[in-house]
Every structure is written in C-alpha cells, then in structure tokens.
Amino acid sequence: MSDTRFATRSLWSVCSLITDGSHFSPTPCEEGFPIVNAKDIPKGRINLSSCTLISESDWRLLCLQNCSPTVGDVLLSKDGTIGRVVHYREELGVVLLSSVAILRPTEAIDPEFLAQVLASFIFDKQLFGLQSGSALKRLVLGDIRKIKIPFPPIPQQRRIAEILSTVDDAIEATEALIAKQQ
C-alpha cells in the first residue's frame, strides 16, 4: 500500500505576498467604490451589495497601498469572523479593510487548491489555535504566514481543487433548490 500523505509547506513559502487591507477606515459615501470587510465575504464570494462605499480618492490611495486584490489572489477573513475564504477570480475593483488578508500564490500552488485547503477542516483546526483577542478574535499576519498546508504536486492540486469545486457547486445548487421549494 502506498503512502498518500503529502509534504507540507508554510503559507509563506507558497505565497509571494501575505498582507492585509487598510488599517484605517475611510469615510463612507452614498456613492463610490466598494471596500470589503470580513462581513462582505460569505460562502466563498464577495457580496458587493453589502460593501461600504468610499470616495474615489480614498479608493485610489488604498490601491496604491497594496490593499487591492488581483485576479488569482486568495482572500481570508482574519478579524471578527475568521476563516471565510474567497478565490478572487475576476477584477471587481475593490479594496480591503484589515479584517481581510490577501494571499498571493506563487506558481508552486494552484489558487483554487489553496482556497479549498483554507476552507477545510484541516485549516480550521490551525485557525482556532492561532486566534488571539478576547472581545474581537483575530489572526495576526505573522501566524498566518507560518500555517502549514498539504503540498501535493501541481497536477494533483488541480485535480483535488476541481473535485472539491464540483462538490461545492452541487451543494450550492441543492441549497438553492431547497430554498426555492420552501
């Protein structure tokens, strides 16, 4: 029987960037550009309708300060509601508050695989042990960088991600059907 365990790597070793969004909250506006908080990323997607809007000048400033994700990044909520994950697949023109971390995968890891791992129970166990704070639970970037994840070869990463994404899509379709029937 073959050993199916994979080597592990730290997030820092498979990401070219691990940072978070803005540590200051720009003044909200009636119209403007979206700024994403942890509350705005339920179920693997960014909910633009729940985002606070900020001025164009504040939005541009935050883009310059590396608070804007790029396609292929993986977002992780790290303050308050911890552990929500988004694989950022399309340019939405958003910036992030500090409650959301940006993980920019290198070519060594498939972004969808990374998102699936971060959304898994394996990762949940590590997150629980790393949380700090009493009133507001949070993860610090230094701890996120040290988190160990399974690291199979890229072809296996892609196959695992494909299977898990297919399962997620089926679950989402079933939940939508159940909601429609109720």
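The values are calculated or read from the model by the stated rules, or taken from the named source; none is laboratory data. A quick note: this is a predicted structure, and the numbers were derived from the prediction, not measured. For neighbour counting, all protein chains shown are included, and Cβ atoms are generated from backbone atoms with ideal geometry for every residue, glycine included. The area values use the complete protein model at the heavy-atom level, side chains included, leaving out ligands, DNA and RNA. Shrake-Rupley method; radii C 1.70, N 1.55, O 1.52, S 1.80 Å.
Observations on the model:
- For region 48-78, the candidate set comprises residues that are of a type in the set (Gly, Ala, Ser) and within 15 Å of the chain's Cα centre (by Cα); within that set, the residue that is nearest to Gly129 (Cα to Cα) is Ser77.
- Among the residues listed as Ala115, Ala179, Ala161, Ala170, the single one being part of a helix (DSSP H, G or I), open to solvent by 60 Å² or more (accessible area, probe 1.4 Å) and of a type in the set (A, V, I, L, M, F, W, C): Ala179
- Pairs, first in contact (Cβ under 8 Å) with a residue 60 or more places away in the chain in region 119-148, second part of a strand (DSSP E or B) and open to solvent by 60 Å² or more (accessible area, probe 1.4 Å), C-beta under 9 Å, six or more apart: Lys148/Thr8; Lys148/Arg9
- Taken over region 134-155, the criterion of being at pLDDT 90 or above, assigned to a helix (DSSP H, G or I) and open to solvent by 90 Å² or more (accessible area, probe 1.4 Å) is satisfied by Lys146 alone.
Conditions (1) in contact with a His (Cβ under 8 Å, 6 or more places away or on another chain); (2) small (Gly, Ala, Ser); (3) modelled with pLDDT under 85; (4) open to solvent by 50 Å² or more (accessible area, probe 1.4 Å), marked per residue:
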| position | (1), (2), (3), (4) |
| --- | --- |
| Thr81 | no, no, yes, yes |
| His87 | no, no, no, no |
| Glu90 | no, no, no, yes |
| Phe123 | no, no, yes, no |
| Thr166 | no, no, yes, yes |
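- Close Cβ contacts (under 8 Å, 6 or more residues apart or on different chains) running from residues in region 41-69 that are closer than 24 Å to Ser120 by Cα and open to solvent by 40 Å² or more (accessible area, probe 1.4 Å) to residues that are hydrophobic (A, V, I, L, M, F, W, C) and outside any loop (DSSP other than H, G, I, E, B) comprise Arg45/Val86.
- Residues (open to solvent by 30 Å² or more (accessible area, probe 1.4 Å) and over 14 Å from the mean Cα position of the chain (by Cα)) located in region 92-108: Leu92, Thr106, Glu107, Ala108
- Complete set of residues in region 6-40 that are without any contact (Cβ under 8 Å) to a residue 24 or more places away in the chain and under 30 Å from Ala170 (Cβ atoms): Asp40
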